[in-house]
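Below is one structure, written out as structure tokens; comments come after it.
The values are calculated or read from the model by the stated rules, or taken from the named source; none is laboratory data. For clarity, every value in this text was computed on a predicted model and none was experimentally measured. Using ideal geometry, Cβ is built from the backbone for each residue, glycine included, and neighbour counts are taken over all protein chains shown. In case anyone asks, the SASA skips ligands and DNA or RNA and just uses the protein heavy atoms, side chains included. Shrake-Rupley method; radii C 1.70, N 1.55, O 1.52, S 1.80 Å.
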Amino acid sequence: MKRIGIPGWMVGENSFGVNISYLEFIRKFGAAPVIISPVDDENPPEVDMVLAPGGADLAPTSYGARPEYRTQKPNPQLEYFDVNILPQYIANKTPIFAICRGMQRIWAMYGGYIEQHNGWHEQSKSQY
């Protein structure tokens, strides 16, 4: 069975993992989900693919930008994954399937420009 890795984050006050929708998405492809933890930074689990999930805003300082007035709190576990674990998978040529925030991270890693707080994005609408 193929294994798809996904970084975990705080999903509750006393819980670490991923949203059920991501687990169901991975299982639809007949794969086993593997939750990647920050403690996996020195030896990331072997997986056939990595799913870089959506989520909170990227930390603007992580791509050389100044935080804007409406910048939301970034996710510390995903930020750590982005900097310390994701590059290892990229270096090993592990396929990456990126959703929203995950695609923004990869875009920023390769020098792409990120526009903070797009009014057309559902999560941003309540901020205007």
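Could you point to the residue in PRO38, ILE20, PRO7 farthest towards the positive end of the stretch 1-50's charge dipole, with +1 and -1 charges on the Cβ of Lys/Arg and Asp/Glu respectively? The one lying farthest along the dipole's positive direction is ILE20.
Applying the criteria of a DSSP loop state and at most 15 other Cβ atoms within 10 Å to the trypsin sites (Lys or Arg not before Pro) of the stretch 50-101 yields ARG70, LYS93.
With contributions of -39500 (n - 2.57) from each DSSP H run of at least four residues, the per-residue ellipticity at 222 nm computed over the chain stands at -7500 deg cm²/dmol.
In the assembled protein chains, LYS2 presents an accessible area of approximately 130 Å² (probe radius 1.4 Å).
Note on the stretch 39-100 and the stretch 12-30: Cα centroid distance 17 Å, given to the nearest whole angstrom.
Close amide-amide hydrogen proximity is noted between ILE36 and ILE6, GLY8, each under 5 Å apart and 5 or more residues distant or on a separate chain (H modeled in the peptide plane; Pro and chain starts excluded).
Select from the stretch 34-88 those chymotrypsin sites (Phe, Trp or Tyr not before Pro) which occupy a DSSP coil region and have at most 10 other Cβ atoms within 10 Å, ordered by residue number. Those that pass, being in a loop and sparsely packed, are TYR69. Here percent of Cα pairs over 21 Å apart was computed from the coordinates, and among (1) 49; (2) 41; (3) 32 the match is (2). Loop-resident GluC sites (Glu not before Pro) (DSSP state other than H, G, I, E or B) in the stretch 35-111 with no more than 15 further Cβ atoms inside 10 Å of their Cβ: GLU42, GLU46, GLU68.
Between the amide H of PHE16 and those of VAL11, distances stay under 5 Å, these residues lying 5 or more places away or on another chain, with hydrogens modeled in the peptide plane. Expressed as a whole percent, the accessible surface of the chain that belongs to carbon and sulfur atoms is 54, based on a 1.4 Å probe. Hydropathy at least 0.5 by Kyte-Doolittle, axial extent at least 15 angstrom from the Cα trace: which helices of the chain, defined as entire DSSP H runs, fit? In the chain, no H run is both long and hydrophobic enough. The amide H of PHE97, built 1.01 Å from its N in the peptide plane, has VAL50, LEU51, ALA52 as neighbours under 5 Å, considering only residues 5 or more places off or on other chains. Once the Cα-Cα distance is subtracted from the 0.36 nm per residue extended length, the CYS100 to SER15 segment shows a gain of 28.3 nm.
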